[in-house]
Amino acid sequence: MALGFDAIGFARAEEHPHAERLAAWLAEGRHATMRWMAREPKRRSDPRLVVPDALTVVSLLASYYRGDWPTDTPAGGRSAALRGRVARYAWGRDYHGRLKRRLNRLGRTLEALRPGARWRAYVDSGPVLERGWAERAGLGWIGRNGNLIRQGAGSWYFLGEILCDVFLPAGEPARNRCGRCERCIPACPTGAIVAPYQVDARRCISYLTIEHEGAIPREMRAAIGVRIFGCDDCQEACPWNRFATPTYEPDFAERPRQQTPWLLPLLSIDAEGFEARYEGTPLMRAGRDRFVRNVAVALGNLGDRRAVAALARALREEMSAAGRGHAAWALGRIGGAAARRALLAAREAERDAPVRNEIDAALADSEGRAE
C-alpha cells in the first residue's frame, strides 16, 4: 500500500462480541495497574460511543518484522557478552507518531471523498479493541497467546484503526487457525497465559518490564532472564511466525546497540544519558528508573561476577529505591565474598525500609552461593 501498511480491512461499527470478555478480564484485575484500560470499557467495546453514528471500523496492519536476532543474542544464563534483550517491536524508532501520521493522511483522503465525514484515528491508544476489530475485519485471528495472527504471515504487526461514519463493506471475520497448537502457553516464562486466550498482565514480562512501577515481584525476577524491555517468547514459539518475511520499511529499521545492548554501561546511565540514547524509541515508555531496574535483574540472572563492582556502585549511588533493591537482589543471586561485602556496607547506609528488606533477603540468598 502507498502509505506503508501491509493490510486493510473493514468491520461494522457495533458493540464488539468481546465486550463481556473484556468486562470479566477487568473485573478479575488482569489489567494490573494499567488503569486506563478500565476507564469507560463500554466506549472501548462500542465505537459508536467514540464517533457518533460511526458505521465502520477500518483496521490496518504494518509489519515490524526485521528477520532473525543477531547471532550473539543471549538466551539467558551465563554469557561472556553480558548483554540484555529488547523486544522486537522496540528495535527501531517509536511507531506511534509515524503510523498515526499515515492514518491521518488516510482519514483526510476519506474526508475529501466524502465531505463532512467524521473520523478518528488511533494507534495503540484510545478506547479501541485493536486486535478484536482486526479479527472482525478478517485480517487475522486472535491466538491463544492473545496476539493477532495472520495466516501465512504471523503476528509481527503494529495495528492502527480509523473509526468513521462512512459506510464501507465489512469483511468476514477471520477463522481461528490455531488448531490444537498450544506451544505459546508453556513458552511463556512466567505463566502469564493462564489459559488459552487468557493473558494475565500481572505475570507478563512485557507488563513487568515496561508498565509496572516499583519493585518487580521477587518470585518473577528469575524468569525474566535477560529481557530488559518486553518479551517475545509467546510469538517466537508460534509456528505461524515461520512464514514471516522481513519488512524493509525504513521507519522500523533496527538501531545499532538496541537489540541486545551491553548491560554494564546501562546500569549507571543517568536520566540525561537515557534520553539521549533512547529518545524517539519505544524504550522511553519505561523511563530511566524502570529501565535500570530491569538491567539489574538481567545482570543478576546472568550470574557473572564481573558485574559485582557495577552493582555495588549502583547500591551506593543515587538511584531509585526500586533500582537499589533490584541491584541488591542481583548481588544476592551472583553471590561471593565481594557481593556480600557490598551488601553489608549498603545495609549500614540504607534508610529505606523496603530496600533494607531487599538487602537482607539478598544476604540470605548469597549464603547459598559458592565462592
Practice task
Using amide H atoms built 1.01 Å from N in the peptide plane, name the residues 5+ places from residue 229, or on other chains, whose amide H lies under 5 Å from its own.
Solution key: 85, 87
Completion exercise
Gyration tensor on Cα atoms of the stretch 85-164, a ≥ b ≥ c root eigenvalues, a/c under 1.5 rounded, else prolate if a/b beats b/c, else oblate, says oblate
Problem - Karplus-derived 3J(HN,Hα), 6.51/-1.76/1.60, for each residue of the stretch 303-315, Hz, glycine and proline x - result: x, 9, 6, 5, 8, 4, 4, 5, 5, 5, 4, 4, 5
Practice task
Springs between alpha-carbon atoms under 10 Å, Gaussian network over the chain: tell me which of 204, 181, 238 tops the mean-square fluctuations.
Solution key: 181
Problem - Likely footprinting exposure, 291, 243, fewest C-beta neighbours within 10 Å first - result: 243, 291
Practice task
Determine ³J(HN,Hα), in whole Hz, for all residues of the stretch 160-168 in sequence, where each value follows from phi through the Karplus function 6.51 cos²θ - 1.76 cosθ + 1.60 and θ = phi - 60°; x replaces Gly and Pro.
Solution key: x, 9, 10, 9, 9, 9, 9, 7, 10
Handout entry: Cα-projected label distance for residue 272 with residue 53, points at 7 Å along beta-carbon direction, nm
Key = 5.5 nm
Practice task
Using only alpha carbon pairs under 8 Å that are at least six residues apart, calculate the relative contact order of the stretch 246-352 and give it in whole percent.
Solution key: 24 percent
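Rounded, prolate or oblate for the stretch 7-139? Axes are the square roots of the Cα gyration tensor eigenvalues, ordered a ≥ b ≥ c, and the cut-off for rounded is a/c under 1.5. Write down the numbers at each step before the final one.
Values: a/c = 2.70, a/b = 1.53, b/c = 1.76.
Oblate, since a/c reaches 1.5 and b/c is not below a/b.
List the relative contact order of the chain as a percent without decimals, with contacts defined as Cα pairs under 8 Å and 6+ residues apart. Don't skip to the end; give the middle numbers.
Values: 705 pairs, mean separation 73.5, N = 371.
About 20 percent, as a whole number.
Cα gyration tensor of the stretch 177-254, axes a ≥ b ≥ c as square roots of the eigenvalues: rounded (a/c below 1.5), prolate (a/b > b/c) or oblate?
Values: a/c = 2.41, a/b = 1.22, b/c = 1.97.
Oblate shape, in that a/c is at least 1.5 and b/c is the bigger or equal ratio.
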Handout entry: Hydrodynamic radius of the chain per Kirkwood, over alpha carbon pairs, in Å
Key = 22.1 Å
Problem - Charge-dipole axis of the stretch 219-328 as Lys and Arg at +1 and Asp and Glu at -1 on Cβ define it, positive-most pick from 299, 239, 252 - result: 299
Practice task
State the extension gain, in nm to one decimal, for the chain segment bounded by residue 352 and residue 151, taking 0.36 nm per residue of separation less the distance between their alpha-carbons.
Solution key: 67.2 nm
Practice task
Mind putting a number on the dipole of the stretch 193-248 about its Cα centre? Charges go on the C-beta only, +1 for Lys and Arg and -1 for Asp and Glu, and I need it in Debye to the nearest 20.
Solution key: 100 debye
Exercise for the section: Kindly put 109, 71 in sequence by how many other C-beta atoms sit within 10 Å of each C-beta, fewest to most. Expected result: 71, 109
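Contour minus end-to-end for residue 105 and residue 125, with contour as 0.36 nm per residue of separation and end-to-end as the Cα-Cα distance? Don't jump to the answer; show the numbers that get you there.
Values: separation 20, 0.36 × 20 = 7.20 nm, distance 1.77 nm.
Full-extension gain reported as 5.4 nm.
What percent do you get for the relative contact order of the stretch 1-139 when only Cα pairs under 8 Å and 6+ apart count? Present the calculation step by step, with values, prior to reporting the outcome.
Values: 130 pairs, mean separation 51.7, N = 139.
The value is 37 percent.
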Handout entry: Estimated dipole of the chain in Debye, rounded to 20 [Cβ of Lys and Arg +1, of Asp and Glu -1, Cα centre]
Key = 280 debye
Problem - nm² value of the averaged projected area, convex hull over the Cα atoms of the stretch 125-183 - result: 4.8 nm²
Completion exercise
Residue-ordered couplings for the stretch 243-252, obtained by feeding phi - 60° into the Karplus form 6.51 cos²θ - 1.76 cosθ + 1.60 and rounding to whole Hz (Gly and Pro as x), are 8, 5, 10, x, 8, 10, 5, x, 5, 10
Completion exercise
Sorted by number, the cysteines in the chain with no other cysteine beta-carbon under 4.7 Å are 164, 178, 181, 188, 204, 231, 238
Exercise for the section: In whole angstrom, note down how far apart the Cα centers of the stretch 12-65 and the stretch 306-371 are. Expected result: 43 Å
Handout entry: Residue order, fewest to most surrounding Cβ atoms within 10 angstrom, among 14, 135
Key = 14, 135
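Could you give the dipole magnitude of the stretch 244-371 about its Cα centre, charging the beta-carbon of Lys and Arg +1 and that of Asp and Glu -1, in debye to the nearest 20? List each step's numbers first, then the result.
Values: 19 positive and 19 negative charges, 73 e Å.
Dipole of the stretch 244-371, to the nearest 20 debye: 360 debye.
None of the figures in this text is laboratory data; all of them are computed from the coordinates on show. In this text, all values refer to a predicted model and were calculated from it rather than measured experimentally. Using ideal geometry, Cβ is built from the backbone for each residue, glycine included, and neighbour counts are taken over all protein chains shown.
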